[in-house]
Amino acid sequence: LTRSSPRYRRYIKRHDELDAHNALHMHDFFYHKEHLFIVCELLRDNLYEFSKFNREEASEPYFTLPRLRRISRQCLAALRYIHSLNLIHCDLKPENILIKSLSRCLVKVIDFGSSCFLRDPHSSYVQSRSYRAPEVVLGLPYSQKIDVWSLGCILCELITSKVLFNNKSVTTLLAGHISACGDFPSHMVAEGRHAHLYFNHPPPGGGAHRLYQRSESGSYSYLQPKRRSLQEMLGTDDALFLDFISQLLCLDPNKRWSARELLHHPWFTTTALPLPVA
């Protein structure tokens, strides 16, 4: 936890006295032997630990689509509130969403130790890597929509019990993005401060940027990520859910939906429909 944590937690609680936005409230904090202690409400397991327990010990999966819908709505409500305060969470992941009630499927977003205001200088190293938004990876200016990307990764992980963008390096992370979400828009590669570390320049006659990796010996090799549909990756034919996930996991942050917009997605208001026959 950083020393800035109480600052953000006080700010969040001051604007949410009724505790209506699914964000963890701080009751108190103190320092003891140069360690910061934060006193919060008592909650249950985080989604990572409970998902692991459910996968290994339970007779049936807990994270069904109806429950994922409830979790999604609560997390988006928390993000909408946090974002309305001009904050970015910056580290949304399964470990930072805690269960409040299993039977009612209630959760809360926690850990604002990495948070920042929109007006603050933005660090180029935010978010845990598997949940890191592509604009952060490429060194582009980023906004609150990086939290939306992280939530998309989390929901996919809960339904499959596998980390969506499991990776060994930044290059393999980008390969995962391409595999699931398609090619990067050319403007993102052209404008990203770090893009040259992972993508080559297109030939003078035109063409696409190509993802490459450098070996320990200094040689270069190109990667050709295998394309996979979200339907195949997530193992569901719920067209509304797949469309909802595709809006969260849109590579271009300018086209990615905001938390406020996502709360009005048809997945929350319409009965699930099967995918059309190709």
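The table for this structure:
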read-out	value
Most to least packed among 59-66, 176-183 [average Cβ atoms within 10 Å]	176-183, 59-66
Dipole magnitude of the stretch 11-89, debye to nearest 20 (Cβ charges: Lys/Arg +1, Asp/Glu -1, about Cα centre)	360
Mean separation of Cα contacts under 8 Å, 6 or more apart, over the residue count of the stretch 74-188: relative contact order %	23
Heavy atoms of Ser246 accessible to a 1.4 Å probe, total area in Å² rounded to 10	40
Overall Cα dimensions of the chain, principal axis frame, Å, largest first	61, 50, 35
Heavy atoms of Glu57: accessible area, 1.4 Å probe, square angstrom to 10	120
Kyte-Doolittle mean at least 1.0 and Cα axial length at least 20 Å: DSSP H helices in the chain	145-160
Solvent-accessible ranking of Trp257, Trp267, largest area first, probe 1.4 Å	Trp257, Trp267
Listed residues His83, His21 arranged by accessible area, highest first, probe 1.4 Å	His21, His83
Full-stretch length increase - Glu232, Ala58 - with 0.36 nm per residue and alpha-carbon distance subtracted	60.2 nm
For the chain, built as a Gaussian network whose Cα springs stay under 10 Å, the top-fluctuating residue of Phe199, Phe117, Phe37	Phe37
In nm, spacing of pseudo-spin labels at Arg260 and Thr172 (7 Å Cα→C-beta vector)	4.0
With all protein chains modelled, accessible area of Thr160 [1.4 Å, Å²]	40
Under 26 Å from Lys13, Cα to Cα: lysines that are on another chain or at least 8 residues apart	Lys93, Lys100, Lys108, Lys145
Relative contact order (%) - the chain, alpha-carbon pairs under 8 angstrom, separation at least six	16
Peptides ranked, highest mean first, by Cβ atoms within 10 Å: ranges 143-151, 96-104	143-151, 96-104
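The values are calculated or read from the model by the stated rules, or taken from the named source; none is laboratory data. Bear in mind the structure is a predicted one, so any value in this text is a computation, not a measurement. Reconstructed Cβ throughout: ideal geometry from the backbone, glycine too, with neighbour counts over all protein chains shown. Just so you know, the surface numbers come from the protein's heavy atoms only, side chains and all, with ligands and any DNA or RNA stripped out. Shrake-Rupley method; radii C 1.70, N 1.55, O 1.52, S 1.80 Å.
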